[in-house]
Amino acid sequence: VDHLVRGRIDGVVLPPPLCDHEAMIDALREAGIPAVVVATGHAPASLAAVSIDDRGAAYEMTRHLIGLGHNRIGFIKGHPNLSASEERYQGYIRALSEAGIALDDALVEQGFFTYRSGLDAAEHILARDNPPTAIFASNDDMAAATVAIAHRNGLDVPGDLTVCGFDDTSLATTIWPELTTIRQPRAALGRVAAERLLSRLRGEDGQAVDDTILPVELVIRGSTAPVSRG
């Protein structure tokens, strides 16, 4: 942080995890250095932000699973230090609540957006006495790990277990079956953030700190299916 403030820095784009780094944001604000945060779940009041509606996207995905007949839906949380993780969890909770499905804490496990944490979380969820018929992981790495654990346990995906992720990274289409996921406009997030920062540096938008929300897409692939009634 001190290095940025002391150096010849005209402006900064803060992607995850720096978008939620309070010390960094405070130091930039105090130094008067323009900054734009990218992909944060809670945009700081003092900075412009470019992001997606994580809560709305997770809500849409959960509604998709409910529409397939699933009412026992596991959830693997993202890293607790990133605000987008909580937003995705709240979208899941909202969809369950609106559908009249009680939240079962036994079906929720903490992850850290890593493949390894997804393995551990999926193993714990699937070891429950009454396991879910679907698992929604907060990113594709953890969803891919969930598919691996399901296969190791002799479960067919999606015949025995539906799995979905979030982000639509390259991993989503390199595993089998390919993942149903939320497609983030990653390139557009970076491009719009850079454009917003350049506009501020040129004085074209003053000290505007409004949020820019980019649309996402629910991408349905082979890892999700209607709940098995057998």
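Using amide H atoms built in the peptide plane, which far-off residues or other-chain residues are under 5 Å from Glu217 H to H? HN-HN under 5 Å from Glu217: Arg183.
Hydrodynamic radius of segment 74-154 by the Kirkwood approach over all distinct alpha-carbon pairs: 12.6 Å.
With the highest mean first, a sort of the peptides 34-43, 76-85 on other beta-carbon atoms found within 10 angstrom per residue produces 34-43, 76-85. Extension gain for the segment Ile220 to Ala194, taken as residue separation times 0.36 nm less the Cα-Cα distance, is 6.3 nm to one decimal. By the Stokes-Einstein formula, at 0.692 mPa s and 37 °C, segment 1-142 with its Kirkwood radius over alpha-carbon pairs has D equal to 199 µm²/s. Distance between the 7 Å Cα→Cβ label points at Leu201 and Asn71: 5.6 nm. Amide H contacts for Gly41 (H built 1.01 Å from N in the peptide plane; partners 5 or more residues away or on another chain; cut-off under 5 Å): Ser83, Ala84. A simple spin-label model places pseudo-atoms 7 Å from Cα toward Cβ; at Asn153 and Glu178 they are separated by 2.6 nm. Put simply, when 90-101, 142-153, 22-33 are sorted by average Cβ atoms within 10 angstrom per residue, most first, you get 142-153, 90-101, 22-33. Residues whose amide H comes within less than 5 Å of that of Asp168, counting only those at least five positions distant or on another chain, are Asp140, Ile182, Gln184 (H built at 1.01 Å from N in the peptide plane). Rounded to the nearest 0.05, the FRET efficiency derived from the C-beta distance between Ala23 and Asn130 at R0 = 45 Å is 0.55. Placing unit charges on the Cβ atoms of the charged side chains and taking the dipole of segment 49-148 about its Cα centre, the candidate lying farthest along the positive direction among Val108, Ala58, His70 is His70.
Only the coordinates and a few stated rules stand behind these numbers; no lab work does. Everything numeric in this text was worked out from a predicted model, so none of it was measured. Don't worry about glycine lacking a Cβ; one is built from the backbone with ideal geometry, like all the others, and counts go over all protein chains shown.
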